[in-house]
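This report concerns only the one structure given below.
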Amino acid sequence: MARNLPGRFVLVAVLLAGFAILGAGAFLALSLHDTPRGAAGTLLGSAIGGPFRLVDQDGKTVTDADLRGKWSLIYFGYTHCPDACPTALNDIAIALDELGPKRSAVRPVFITVDPERDTPEVLKAYVTAFDAPILALTGTPEEVAQAAKGYRVYYAKHPEAGGDYSMDHSSVIYVMDPEGRFTASFTHQSSPEEIAERLKKLLA
Amino acid sequence: MSIKFLAFAASLVFASAALAQTNQLQVNNAWARATPAKAENGVAYVTIQSPTADRLLSAASPVAKKAELHMMEMAGMVMKMRPLASLDIPAGQPVTLKPNGEHIMLMGLNGPLREGQSFPLTLTFEKAGTRTVTVAVEKPGAAGPAPQR
């Protein structure tokens with residue numbers, strides 16, 4: 001009996017941990033429930049976002065305050081990635097096309113996690129290749145780190161043979177409302193149709 | 001041996017050669033994404049089908065200094081790009097490289113890939129040897145190859 005005690009303790013601990021995870025999941029699910037306002041104003045809403053100071057593709061300073069007044073679709077990525085990042089930006093461009101006249105109410109924002117290689121000049125050449133007016137942002141490594149921290153975005157350099165590197169990074173498209181509040185998010189698996197559908201509801 | 005018989009025998013040889021051709025590993029639907037003016041890296045995708053199990057070992061193209069097999073992996077919400085040593089091609093099952101999965105990274109482009117252009121890509125397989133295909137360049141964010149032109 002006494003020998004079973006540690007085992008039972010572990011079982012209880014595992015169950016408790018399971019409940020905690022389920023609870024967190026339920027909380028997230030509720031927060032992200034499809035309300036007209038999305039997660040804006042909820043606890044989760046205020047946990048994502050925050051102040052940043054970066055420069056755009058023309059070398060102009062852009063802060064979080066400059067994003068107010070329009071909806072923003074924010075994606076962190078890097079231009080040396082020809083596979084996933086263009087896919088996300090293209091999905092955004094297609095989704096925006098489906099918004100019709102409301103398209104101008106949404107501003108796509110691409111924030112690099114690779115400031116070392118992504119200078120304003122590189123960003124400019126990159127985003128002009130897409131069929132959407134994308135605001136592309138970079139900065140010093142510290143400035144980019146601060147922006148990423150606010151959006152809970154993880155990124156790390158992954159060295160490859162020959163001195164090259166790729167970037168591991170959180171792949172999330174954040175929807176921020178015109179007051180700069182986190183409202184909804186999409187993953188790289190969200191289709192342009194899903195993104196458009198959700199945006200239409202939010203903009204209604 | 002009559003001339004007729006020789007002709008018949010020859011036609012059999014040609015016919016079996018033609019049959020063997022379609023029974024070999026094939027690479028189709030090769031496409032790439034156009035790249036911005038200063039991009040250093042590009043990406044190409046193909047569909048590979050082989051009647052017998054094979055393995056894609058390497059890729060090369062004159063448009064880039066090197067071409068590598070890459071795979072996108074997800075660890076939770078974190079996206080990672082990792083080189084692949086090789087890619088298994090199961091017998092009779094087409095393997096389609098596509099965005100957000102396996103792809104051929106063209107590293108150190110000699111110049112931008114422009115929509116509408118095409119370029120050669122050589123793939124080396126463990127058993128089938130090499131195949132050179134013509135890659136069609138699509139839009140920068142294209143999700144797949146354009147319908148047959």
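The distance between label points at B:K38 and A:D58 comes to 1.7 nm (points 7 Å beyond Cα on the Cα→Cβ vector).
Note: relative contact order over the range A:43-203, using C-alpha pairs below 8 Å and six or more positions apart, is 33 percent. Inter-chain neighbour count for B:101-113: the average number of beta-carbon atoms from partner chains within 10 Å of each residue's beta-carbon is 2. Neighbouring Cβ atoms from other chains, within 10 Å of the Cβ of residues in A:159-167, number 4 on average.
Put in line by how crowded their Cβ is, counting other Cβ atoms within 10 Å and starting with the fewest, A:E194, B:E138 read A:E194, B:E138. Here's how it looks for A:F76: its modeled amide H is under 5 Å from those of A:I111, A:V172, which are all 5 or more places away or on a different chain. Per residue of peptide B:56-68, the mean number of Cβ atoms on other chains within 10 Å of the residue Cβ is 1. Distances between placed amide hydrogens fall under 5 Å for B:R33 paired with B:V43, B:E138, all partners being 5 or more residues away or on another chain.
At a Förster distance of 51 Å, what's the computed FRET efficiency of B:T47 paired with A:A145, Cβ-Cβ distance as r, to 0.05? Intermediate results must be reported in sequence, preceding the final value.
Working: r = 41 Å, r/R0 = 0.80.
For B:T47 and A:A145, the calculated efficiency is 0.80.
Each label was represented as a point 7 Å from its Cα along the Cα-to-Cβ direction; for A:K201 and B:E73 these points are 3.5 nm apart.
Ordering A:L135, A:L96 from the fewest to the most neighbouring beta carbons within 10 Å gives A:L135, A:L96. The label-point distance for A:E160 and B:N110, in a model that sets each label 7 Å from Cα toward Cβ, rounds to 2.0 nm.
Each value in this text was obtained by applying a stated rule to the coordinates, not by laboratory testing. Given the structure is predicted, the values throughout are model-derived calculations rather than measurements. Neighbour counts run over all protein chains shown; Cβ positions are idealised from the backbone, glycine included.
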